[in-house]
Amino acid sequence: MNLLTAFVSALRALATNWLRSMLTMLGIIIGVAAVITMIAIGGGAQQRVEEQLKSLGSNVMLVLPGARTAGGVRLGAQTGQSLTEEDALAIAAEVPEVQAAAPSLRTGAQVIAANANWSTAVLGTSPEYLEVRDWPLAAGRSFEAAEQAGSGKVAVIGQTVAMQLFGDADPIDQMIRVNKVPMQIIGLLERKGQSSSGQDQDDIIVVPLSTYRNRVQGMSAGRIKRVGAVMIKVREGQSMQAAEEKISALLRQRHRLPSGAEDDFSIRNLTEMLQAQEESSRVMALLLAAVAGVSLVVGGIGIMNIMLVSVTERTREIGLRMAVGARSRDILGQFLIEAVTLSLVGGAIGVVLGIVATWAIGSFAGWQVLLSADSILLAVGFSAAVGVFFGFYPARRAAALLPIQALRYE
């Protein structure tokens, strides 16, 4: 009996008791659909983290002011005013692992352009900020040294601000008013998308730090130029931990902190935080796939059970086949192909169900999913392996029957 004949015979045998066959395949169907859906959800989560990591920039650290104490009461993180522009310059100059450091101040402001207005975030920083964030310009240019030093009335805007104020028109060289201060748009940032916290990174206006200090906020420059944060980019291939230790030692020295005193700043390794999140997403995806794989094993046990029942019911048929010349390997192949066919048909239905479930989750729940051909092949291949593994024992049992005993079986 050739393979095609055995396959047709297997389909005929399964169609004879189609309801029983469908109930037997239910475990395989659910298992395959679950594996595909869970891998798609896990892959989507990983892709989302990778996008966030890419939008943040590579090898990035953030230095923030520490806590402030007033009247014996600790006011919490980032309430101090310990960081200065000079700290950022010193970090860039004295820590060899650091590629660039950008001090910054941030606030919210109402921005007006002709008849349009929009409330957005205004960031005062240095030109190195775009380098630290790996944030290229879609059009225009960045700040020049003279504009940075002389509080130039220039701004670089994000895509969201450009859309809200100018629609599809070109924003370059247009005038806007930020807190009643007129500024010329000299650059348009590439789109970044949402951050890990869900914030729209493109809803921003970037101005020179001196412009922010002297014009937007109207601060007194004074001798000490305080900043709200310093964003740092570590050189490719350099140790983030070594850079963090050297930055900490430098800032403690600059702030004249005695040995044993608490830091008046905090350093956050944003890249490592997102990489840890990515690793957690990967582990969760594998865990979900493993849990879904249990359904396939349960479905395989169902196949073994129904095939044992089938062998018992068709004992006389097996005896007749052997009596007319069928060999043990023919009987073995017949029942093994039936088990694999049962598993593959269930796997095919499970693939369709898994694709539909993945699409539904992505569309209605709003989750990011990543459906790949590898997950489909993995699920179908595993279901076929389950059919072979759990179908071998019943098939071997059928092939071991003696013709005379099988013919006399009632």
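The values are calculated or read from the model by the stated rules, or taken from the named source; none is laboratory data. Computed from a predicted model, the values in this text were never measured in an experiment. Cβ: placed from backbone, ideal geometry, glycine included. Neighbour counts: every protein chain shown. The area values use the complete protein model at the heavy-atom level, side chains included, leaving out ligands, DNA and RNA. Shrake-Rupley method; radii C 1.70, N 1.55, O 1.52, S 1.80 Å.
Table: residues versus (1) at pLDDT 75 or above; (2) closer than 23 Å to Leu19 by Cα.
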{"site": "Val311", "(1), (2)": "yes, yes"}
{"site": "Thr315", "(1), (2)": "no, yes"}
{"site": "Met322", "(1), (2)": "yes, no"}
{"site": "Ile337", "(1), (2)": "yes, yes"}
{"site": "Gly346", "(1), (2)": "yes, yes"}
{"site": "Ile349", "(1), (2)": "yes, yes"}
{"site": "Ala357", "(1), (2)": "yes, no"}
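Determine which member of the set Gln194, Gln184 is within 23 Å of Thr107 (Cα to Cα), open to solvent by 30 Å² or more (accessible area, probe 1.4 Å) and in contact with a Lys or Arg (Cβ under 9 Å, 6 or more places away or on another chain). If you could, list the steps in order and put the result at the bottom.
Numbers: Gln194 fails: in contact with a Lys or Arg (Cβ under 9 Å, 6 or more places away or on another chain).
After ruling out the rest, the residue left standing is Gln184.
The set of residues from segment 29-56 being among the basic types (Lys, Arg) and modelled with pLDDT of 80 or more is empty. From Val95, Val132, which residue is open to solvent by less than 10 Å² (accessible area, probe 1.4 Å) and at pLDDT below 90? From the options Val95, Val132, the qualifying one is Val132. Would you point out which residue out of Ala139, Ala149 is surrounded by fewer than 16 Cβ atoms within 10 Å (Cβ to Cβ) and within 30 Å of His255 (Cα to Cα)? On inspection, the qualifying residue turns out to be Ala149. Evaluate the following for Gln81: is it open to solvent by 30 Å² or more (accessible area, probe 1.4 Å), at pLDDT 65 or above and under 29 Å from the mean Cα position of the chain (by Cα)? Criteria not met by Gln81.
Residues that are of a type outside the set (A, V, I, L, M, F, W, C), without any contact (Cβ under 8 Å) to a residue 12 or more places away in the chain and either open to solvent by less than 70 Å² (accessible area, probe 1.4 Å) or at negative phi (or both): does segment 342-364 have at least one? Within segment 342-364, one or more residues are of a type outside the set (A, V, I, L, M, F, W, C), without any contact (Cβ under 8 Å) to a residue 12 or more places away in the chain and either open to solvent by less than 70 Å² (accessible area, probe 1.4 Å) or at negative phi (or both).
Take the residues in segment 245-304 that are part of a loop (DSSP other than H, G, I, E, B), surrounded by 13 or more Cβ atoms within 10 Å (Cβ to Cβ) and not aliphatic (A, V, I, L, M); name whichever of them is modelled with the highest pLDDT. Per the stated criteria, the residue is His255. Of all residues in segment 178-215, those being over 21 Å from Ala116 (Cα atoms) and β-branched (Val, Ile, Thr) number 1.
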